[in-house]
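Please read the structure below before turning to the comments.
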Amino acid sequence: AMLRSLGSLLCLWALPLPVPPAGNGVAARGLDIASYRERVRAMFYHAYEHYLESAFPYDELRPLTCDGQDTWGSFSLTLIDALDTLLILGNVSEFQRVVSILQEGVDFDIDVNASVFETNIRVVGGLLSAHLLSKKAGVEVEVGWPCSGPLLRMAEEAARKLLPAFQTPTGMPYGTVNLLHGVNPGETPVTCTAGIGTFIVEFATLSHLTGDPVFEDVARKALKALWKHRSDIGLVGNHIDVITAKWVAQDAGIGAGVDSYFEYLVKGAILLQDEELMSMFLEYNKAIKNYTKFDDWYLWVQMYKGTVSMPVFQSLEAYWPGLQSLIGDVDNAMRTFLNYYTVWKQFGGLPEFYNIPQGYTVDKREGYPLRPELIESAMYLYRATRDPTLLELGRDAVESIEKISKVDCGFATIKDLRDHRLDNRMESFFLAETVKYLYLLFDPDNFIHNDGSAFDVVITPYGECVLDAGGYVFNTEAHPIDPAALHCCRKRKEEQWEVQDLMREFYSLKKKKKFTLKRAADHREGESAKDSEGASSEQGGERRHWKKSPYSLLTCPSQSFNSKLAVLGQVFLDGT
């Protein structure tokens, strides 16, 4: 009975949430959505252009000194992280230009110690998303796409550099790997929980597209290892020894060090229609409610006893209402969101730590590095409720960021929300996540919000494939993955077209080249061709519309769980 119930839930999550009418609430509050959308667009270009002018090819912009620095591995990270945001803003010409630059110059055969977690969510996730959006952006895709392509090969190469980290007795990965030599001798075996459980979205996508199961296999093994070592009361700590499986830090909560583990159980379940992952999350959710939730706040507790260890709210926890909305728990999500919003109103941003009983910041944790999590939750909840309060958060975010952190060369991290001192850093997630979620909050007609009424049909080595029907699953760096793409390349790898094997051989032998960036005279050219609808007819693709499904938005046809692919309410039988 439980499995049948979970199957029904998973089918429901493949459908669009019922969208309430906007009503007069927005107009009554006088919030001009179009105006704020254009202000967000201007924020993006102010930051992006100064990264190109002052920081490229370094990972990140230093906005106070107008120069750059490498932070996570020397990948020109901001360029990769911003790529799919360009398309969401409608700038197809710059998307195409950056794709060419990345193909020519990014090299993963470098003697650099890289974060396994950050490289996965930012580099592998960014490249996979850009690969799956390439055709929509008018890129001339190769034969066999989306089962092949240069960005997919780059994502696979980057992911293979991470695989040595998973070679541990527990299957839980080290936190750091050298891209040239593997895990360094003497590398610490202590890794945070999120650094172990945040791979299934990217790695399962890679396995489904390439036909190589190794990526999904290691991601699942790591997830299950954490599940196996949860406490008797159903909680996990935030740091564990990946060799001995002993918990080093035993504080349990939903924030830093743990957050995206829970996020990926839900998103992995949705992406893969996986009952086991969702059942794991629902069990965790019970324990979280029982031991950490107090008056719609979530505290930190001792993982074995459930006693409160830290009565603080961390800004990273603000993703939780958005995650609650994905499982349909909208009422609880809104109550928690409103608690977090009161903190934003108090400071004009979310401090990294906030002492709940005292109602103030925690010493040395007063900063706001322009994080996206509260805005992310607002976007999800606005899609579900159309509550104008959520747009007001977006408005406040735009006003605060522009007033406090905007400088001549971009947007600077806020070092202290009490006096608005700034720090000389603009993290790549500002363009990958914060600006993207703000824009999508104010752009209800964006292709990302497709309700399934339009889609593309492309020809793959295995027949017709439905893409761009909506239902995108965002990784934890806000890189959207089209879940339908995972069903385009189902056959075993050895059964793929011979041309793909030849192409792989060619690209593996191709000598890596260093590159320089010459800015295009006008990288905004083509921006007006928003969402690139006309590009979808290339390479055997066809834009189609379907009639409304005869099924209610809140019900699923009674079919065997494994016999269908549900994309936003339309059910495709295997083999179609």
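The values are calculated or read from the model by the stated rules, or taken from the named source; none is laboratory data. All of these numbers come straight from a predicted model, not from anything done at the bench. Positions of Cβ are generated from backbone atoms using ideal geometry, with glycine treated the same way; all protein chains shown enter the neighbour counts. Surface areas here come from the heavy atoms of the whole protein model, side chains and all, with no ligands, DNA or RNA. Shrake-Rupley method; radii C 1.70, N 1.55, O 1.52, S 1.80 Å.
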- Pull up all non-local amide H partners of Gly68: gap of 5 or more, or a different chain, and H-to-H distance under 5 Å with H placed in the peptide plane. Arg62
- Using modelled backbone amide H atoms (1.01 Å from N, in-plane), which distant-in-sequence or interchain residues come within less than 5 Å of Phe474's amide H? Ile481
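With a Förster radius of 30 Å, plug the Cβ-Cβ distance of Lys228 and Arg418 into 1/(1 + (r/R0)^6) and report the FRET value to the nearest 0.05. Walk me through the numbers on the way to the answer.
Numbers: r = 43 Å, r/R0 = 1.45.
Given R0 = 30 Å and the Cβ-Cβ separation, E is 0.10.
Starting from the residue with the highest accessible area, list Tyr304, Tyr51 in decreasing order, probe 1.4 Å. Write out the running numbers ahead of the final one.
Working: Tyr304 110, Tyr51 0 Å².
My answer, sorted largest first, is Tyr304, Tyr51.
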- Message: If you average the alpha carbon positions of the stretch 415-445 and of the stretch 88-128, how far apart do those two centres end up, in angstrom?
- Response: 20 Å
- Note on the structure: Once all protein chains are kept in place, Phe474 shows an accessible area at probe 1.4 Å, nearest 10 Å², of 10 Å²
- Item | Cα Rg, Dmax, the stretch 172-261, angstrom units | 13.6, 41
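As a test of reading the structure, rank His479, His50, His239 by solvent-accessible area (1.4 Å probe, protein chains only), most first. Don't jump to the answer; show the numbers that get you there.
Values: His479 0, His50 40, His239 65 Å².
Ranked from most to least accessible, the order is His239, His50, His479.
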- Item | Restraint check, Lys136/Lys345; Lys224/Lys293; Lys293/Lys403; Lys135/Lys406, Cα-Cα greater than 27 Å | Lys136/Lys345; Lys293/Lys403; Lys135/Lys406
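Roughly speaking, what is the stretch gain from Asp67 to Asp445, that is 0.36 nm per residue apart minus the C-alpha to C-alpha distance, in nm to one decimal? Please list the in-between numbers first.
Numbers: separation 378, 0.36 × 378 = 136.08 nm, distance 3.62 nm.
Here the answer is 132.5 nm.
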- List, in the order given, every pair from Lys364/Lys436; Lys267/Lys305; Lys161/Lys286; Lys267/Lys289 whose Cα-Cα distance in the structure shown is over 25 Å. Lys364/Lys436; Lys267/Lys305; Lys161/Lys286
- Please get the size of the charge dipole for the stretch 141-256, origin at its Cα centre, with Cβ charges of +1 on Lys and Arg and -1 on Asp and Glu, quoted in debye to the nearest 20. 240 debye
- So for Arg153, Arg39, what's the accessible-area order with a 1.4 Å probe, most first? Arg39, Arg153
- Query: Could you give me the ³J(HN,Hα) list for the stretch 159-170, computed from phi with Karplus coefficients 6.51, -1.76, 1.60 and θ = phi - 60°, whole Hz, x at Gly and Pro?
  - Reply: 5, 5, 5, 8, 4, x, 5, 7, 7, 10, x, 8
- Where the accessible area of the stretch 318-380 is counted over protein heavy atoms with a 1.4 Å probe, how much of it, in %, is carbon and sulfur? 47 percent
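D for the stretch 259-389, whole µm²/s, Stokes-Einstein with Kirkwood Rh over alpha-carbon pairs at 25 °C and 0.890 mPa s: what number?
Working: Rh = 15.4 Å.
For these conditions, the coefficient is 159 µm²/s.
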- Residue by residue through the stretch 64-78, which ³J(HN,Hα) values in whole Hz follow from phi under the Karplus form 6.51 cos²θ - 1.76 cosθ + 1.60 (θ = phi - 60°), with glycine and proline marked x? 7, 10, 6, 9, x, 8, 8, 10, 10, x, 6, 10, 6, 4, 4
- Note on the structure: For Cys489, the accessible surface traced by a 1.4 Å probe with all protein chains present amounts, in square angstrom to the nearest 10, to 0 Å²
- Task: Please provide three numbers in whole Å: the alpha-carbon extents of the stretch 398-458 along the principal axes, with the largest listed first.
- Result: 51, 22, 18
- Computed accessible area, His46, all protein chains, 1.4 angstrom probe, square angstrom: 40 Å²
- Query: Can you list the residues, at least 5 places off or on another chain, whose amide H is less than 5 Å from the amide H of Ile327, using H built in the peptide plane?
  - Reply: none
- Which is farthest toward the positive dipole end of the stretch 82-240 among Thr210, Leu152, Gly237, measuring Cα position about the Cα centre, with Cβ charges +1 (Lys, Arg) and -1 (Asp, Glu)? Gly237
- Item | From phi via Karplus (6.51, -1.76, 1.60), per-residue ³J(HN,Hα) for the stretch 421-429 in Hz, x at Gly/Pro | 5, 10, 10, 8, 8, 10, 5, 5, 5
